[in-house]
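Step one of this worksheet: look at the structure below.
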Amino acid sequence: MPAEDVVTRARRDLHQVPRTPGAPKPDALLVADGVRRSFGGVNAVDVEHLEVQRHVITALIGPNGAGKTTFFNLMTGFDKPDTGTWVFDGTPLAGVPASRVAKSGMVRTFQLTKALARMTVLENMRLGAREQPGENLFTALVKPLWAPREREVTEKAMALLERFKLDTKKDDFAGSLSGGQRKLLEMARALMSDPALVMLDEPMAGVNPALTQSLLGHITDLRDSGTTVLFVEHDMHMVRHISDWVVVMAQGQVVAEGPPGEVMADQAVIDAYLGAHHDTDLGDDALLTEGGTIDAEAEAEADAEETKA
Amino acid sequence: MDFGQLFTNVLNEMTGPTAIAYALAAIGLNIHFGLTGLINMGQAGFMLLGAYGFAVSTIAGAPLWLAFLVAVGAAVLFALLLGIPTLKLRGDYLAIVTIAAAEIVRMVGRSTALTELTGGAEGLTGNSFKSTFQDASPFPDDRWALGPITLATNASNSWWLRIVGWVLVALACLLVWRLVRSPWGRVLRGIREDEDAVRALGKNVYSYKLQALVLGGVFGALGGVVFVLASSVQADSLGRPVTFNTWTILLLGGAATVLGPVLGSLLFWAALVFVRGFLRGAVPTEVLSVQQVEQIGWVLVGLTLVLLIVFRPQGILGDKKELAINAR
Ligand SMILES: Nc1ncnc2c1ncn2[C@@H]1O[C@H](COP(=O)(O)OP(=O)(O)O)[C@@H](O)[C@H]1O
Ligand SMILES: [Mg+2]
């Protein structure tokens, strides 16, 4: 079945899903159960039940400190929960180390970008590839054993870099890129392994506004080519723009979920946000002011880049 | 002052077994630190274990190849022992554990309880374990001159040892050169930059760090073998200062470069011998005793290195551009 049809069906299926926290999905890729993590008595994450539908874009929103990043860390093996189990694509992943989680097809990016600074952009990309026999110590010694795969990897890396408009930077050190470009690089690198699920932690934060539009395009392209996307974002405008489903967290718990339009009108969501944004109506674009500050920072950064150049 | 003699001495030391031993140890440390970002503060421990492994097994009757294998095996075991519990933790743990473990090896080696095996604080005399290596030499027993340097062909600080030593260094450089430019080396460099990022890309970071620790430790052990084949096994001659010198050599030549450790070792020993020889020739003994000259040699070398690190922190062969970038 062509990818488009899969996506259309997955989105249509979501119409029947009840708008209650923890609602079961017709085709769930990730299912979390009773996942709890506390830091010194504070419940950072306390997710009763959560399902993430395959082939759609799910946004995870919530005020600062809601536990979104911690939830990502738990799912991807970067942190261990006090209790809880979760299943990814039919495989239980509780207690599985981070590298094996990534290998199983769930790849994440970080809120604080982790570009490998003193490696070139292209080397960063190549590192994201799988099944490179040359990553074994003994095979590495015999170049003919890994050179063909290296050519494939490089080709793929260049195609992705072109898509993300980083191809002209391929030989630059990643550390010399602007903050926004590093975000792009990290995302592109995550895609080198064709993951089934990409988890993006605030992919737009700090990205030059000139780039945000194309970044949104990349994310929807990803979905349309068959990848499931779960992303954390503060900018409500963007969330509404590209997500098919929205999950709202507050104080570690899932407090609401549903299609973007409905969720943002939900009283529980407004309450959840009240702590962070007084007097805001999530229904209109008031929250865009926050996006506005981010954009202003990004613009300043872009300006700084230009003056440097 | 006899400058001809001074330069002969410098050349002799630069190409000698000590420089070779340190070059090998620094090549190993480069795999740890330059490539992977591991802070091993006990490279001398690996050298000492290699030395004991070689000497003790030879004395017990092992043939040459087996003695080398025992030296390498000892380093592998030591690396696993230190790495398995610490490499899952943050970087500083490895530094603390290696410095302590190297001291433990030294203390145990020189303890009276093991006198039978290691000779205690006295150590093992060269003649007790050098014969298999010297017998393997294709040269007749003689003294040969090459340029200004005249050495025995086979005994102790010999041409034979220098040839084998430099061949080992060349092979080690070739291996590192191949590995640095391979996907394996790429994973290590990724770990050096940010191990969580590499984990998120599906690599088993722990296993790679362990591999790097073992491989670098093996080069340390080989350095230790070359070191003692020129003299004797003495626990105290492979103590903490040796680790610090190895670090200096690595930073001087340039971490994360293939030839940096070798160049660093050549220059380090050349500089030390030059400074000492020069002071001995230029300053009368009433002003500075021979012992004081020794110490001033170290001081001046240290000072030069401080200046080098201030003005050329990337080392001689390092890439300034690479270093200018903040690691995070
Ligand atoms: N390593 C940690 N140690 C202690 N507290 C933490 C740690 N990580 C997160 N927290 C706390 O857990 C809560 C959730 O944080 P986080 O997951 O980063 O929120 P979000 O990403 O939604 O902004 C916060 O109260 C935060 O202070
Ligand atoms: Mg966060």
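The values are calculated or read from the model by the stated rules, or taken from the named source; none is laboratory data. Treat the numbers as computed from the prediction; the structure is a model and nothing was measured. Positions of Cβ are backbone-derived with ideal geometry, glycine not excepted, and every protein chain shown enters the neighbour counts.
For the stretch A:58-71, the condition of being under 16 Å from the mean Cα position of the chain (by Cα), within 14 Å of chain B (Cβ to nearest Cβ) and more than 16 Å from ligand 2 (Cβ to nearest atom) holds for none of the residues. Contact map, the stretch B:292-311: first residue in contact (Cβ under 8 Å) with a residue 24 or more places away in the chain, second residue in a helix (DSSP H, G or I), Cβ cut-off under 6 Å, separation 6 or more or different chains; pairs are B:GLY297/B:LEU272; B:GLY297/B:VAL275; B:GLY297/B:ARG276; B:LEU300/B:VAL275; B:VAL301/B:ALA271; B:VAL301/B:LEU272; B:LEU305/B:THR248.
Where in the stretch B:143-214 are there helices (runs of 4 or more DSSP H), lying wholly inside it, with at least 3 residues that are closer than 28 Å to B:LYS88 by Cα and charged (D, E, K, R)?
By residue number, B:183-193, B:195-200.
Summed over the stretch A:11-34, the residues that are part of a helix (DSSP H, G or I), surrounded by fewer than 16 Cβ atoms within 10 Å (Cβ to Cβ) and among the charged types (D, E, K, R) give a count of 1.
Kindly list the number of the only condition in (1) exposed (fewer than 14 other Cβ atoms within 10 Å of the Cβ); (2) over 23 Å from B:PRO241 (Cα atoms); (3) at pLDDT 85 or above that fails for B:PHE278. All conditions are met except number (1). Annotation for the stretch A:231-245: at least one member residue is in a helix (DSSP H, G or I), touching a Pro at 6+ places or on another chain (Cβ under 7 Å) and at pLDDT 85 or above. Checked against the criterion of being closer than 15 Å to A:ALA190 by Cβ and among the aliphatic types (A, V, I, L, M), the candidates A:LEU145, A:LEU166, A:LEU122 yield just one match: A:LEU166. Residues in the stretch A:15-32 that are modelled with pLDDT under 95 and under 23 Å from B:ALA200 (Cα atoms): A:ALA28 only.
Scanning the stretch A:72-100 for residues that are among the hydroxyl-bearing types (Ser, Thr, Tyr) and not in a strand (DSSP E or B), which turns out nearest to the other protein chains (Cβ to nearest Cβ)? The extreme case among them is A:SER99. Per the conditions (1) closer than 18 Å to A:GLN251 by Cβ; (2) more than 13 Å from ligand 2 (Cβ to nearest atom), the sole criterion not satisfied by A:LYS80 is (1). Looking at the stretch A:163-179, is at least one residue more than 12 Å from every other protein chain (Cβ to nearest Cβ) and surrounded by 21 or more Cβ atoms within 10 Å (Cβ to Cβ)? For the stretch A:163-179, residues more than 12 Å from every other protein chain (Cβ to nearest Cβ) and surrounded by 21 or more Cβ atoms within 10 Å (Cβ to Cβ): present.
Looking at this structure, is B:SER111 hydroxyl-bearing (Ser, Thr, Tyr), out of contact with any Pro (no Cβ under 9 Å at 6 or more places or on another chain) and crowded, with 20+ Cβ neighbours inside 10 Å? No.
Considered as a group, the residues in the stretch A:46-75 that are among the polar types (S, T, N, Q) and within 7 Å of ligand 1 (Cβ to nearest atom) include one that is nearest to A:ASP266 (Cα to Cα), and that residue is A:ASN64.
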